[in-house]
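Notes for the one structure printed next.
Please treat every number below as a calculation from the coordinates, not as lab data. Here the structure is a predicted model, which means the values were calculated and not measured. Glycine gets a Cβ as well: all are built from the backbone with ideal geometry, and neighbour counts include every protein chain shown.
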Amino acid sequence: MARWEPDSRSRLEQAAFALYAERGFDHTTVAEIAKRAGLTERTFFRHFADKREVLFAGSGALQDLLASTVVDAPEGLAPIDAVAAAIEAAGAQLEERRERARQRQAVIAANAELRERELIKLASLASALAEALRRRGVSDPAASLTAEAGIAIFRIAVERWVDETNERSLPELIRESLEQLRAVTAGH
C-alpha cells in the first residue's frame, strides 16, 4: 500500500459511517473501517484515537468557533445574543453536512455509550461558551445559565434539523428555537 493516500481522513469517515449503518457501531472494528477505506489501521490511528472519534472529531473546532464568536461579538450585545450569534455561526457551518449529521445522530441514538459521550461534548461546549461570556465580563451564574440555554437551543434545533421530514435550515431552526425560549421566559 502506498505510504501516503490522498484524502485518507475523509475516506476513513465515509467507510466508518457506511459500516456503522450496515453493521452497527458495536459490531464494527477499526480494522474493518481501514480495510473498507483501502487504508491501514495505522493510517486510521493517525487520524482518530478510536472508532468513536470518527463521530466526535469536529468537537474541538466547534468549541473554538463558538467561543471565538462570543468573544468577538460587538461589545454592547446582550449575552444571549452573543451566544445566539455563536450557535448560528456553528449552524451555518454544519448546514452543508445535513446527511452526515443524520447518519451521525442515528449511530449515536442507537448506542448508550455514544449518547453519554454526546452529553459530555455538549457540556464541554456549554463550559466553553460560559468561559467566553466571562471573558466578556458576564458574571456567574448568568454566564453559565446563558451558555446552558444556548446549548439547549442548539441541541433542540439540531434534533429538528436532522429529522427526515425537515427541510428548513439549521440557522433558521436555531433562531426559531431562541424566539420560542424568549416567548416562554417572557410569559407569552
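So what is the calculated 222 nm ellipticity per residue for the chain, using -39500 (n - 2.57) for each DSSP H run with n of 4 or more, over all residues, to the nearest 500 deg cm²/dmol?
-24000 deg cm²/dmol
For the chain, calculate the relative contact order in percent as a whole number, restricting contacts to Cα pairs under 8 Å that are 6 or more residues apart.
Dividing the mean separation by the residue count of the chain yields 21 percent.
So if I take the alpha carbon set of segment 8-54, get Rg, then get Rh from the Kirkwood formula, what is the Rg over Rh ratio?
0.90
Just to confirm my numbers, what's the Cα centroid distance between segment 29-86 and segment 160-188 in Å?
About 23 Å separates the Cα centre of segment 29-86 from the one of segment 160-188.
Can you give the Rg to Rh ratio for segment 135-174, taking only C-alpha atoms and Rh from Kirkwood?
1.18
Answer with one residue from A86, I33, V107: the one whose Cα lies farthest towards the positive end of the charge dipole of the chain, charges on Cβ with Lys, Arg +1 and Asp, Glu -1.
It is I33, whose Cα lies furthest towards the positive end.
Please report, in debye to the nearest 20, how large the charge dipole of segment 15-109 is about its Cα centre when each Lys and Arg carries +1 at its beta carbon and each Asp and Glu carries -1 there.
The dipole magnitude comes to about 660 debye.
What per residue convex hull volume, in Å³, comes out for the chain when only alpha-carbon positions are used?
Once divided by residue count, the hull of the chain is 134 Å³.
If you put +1 on each Lys and Arg Cβ and -1 on each Asp and Glu Cβ, how big is the dipole of the chain around its Cα centre, in Debye rounded to 20?
560
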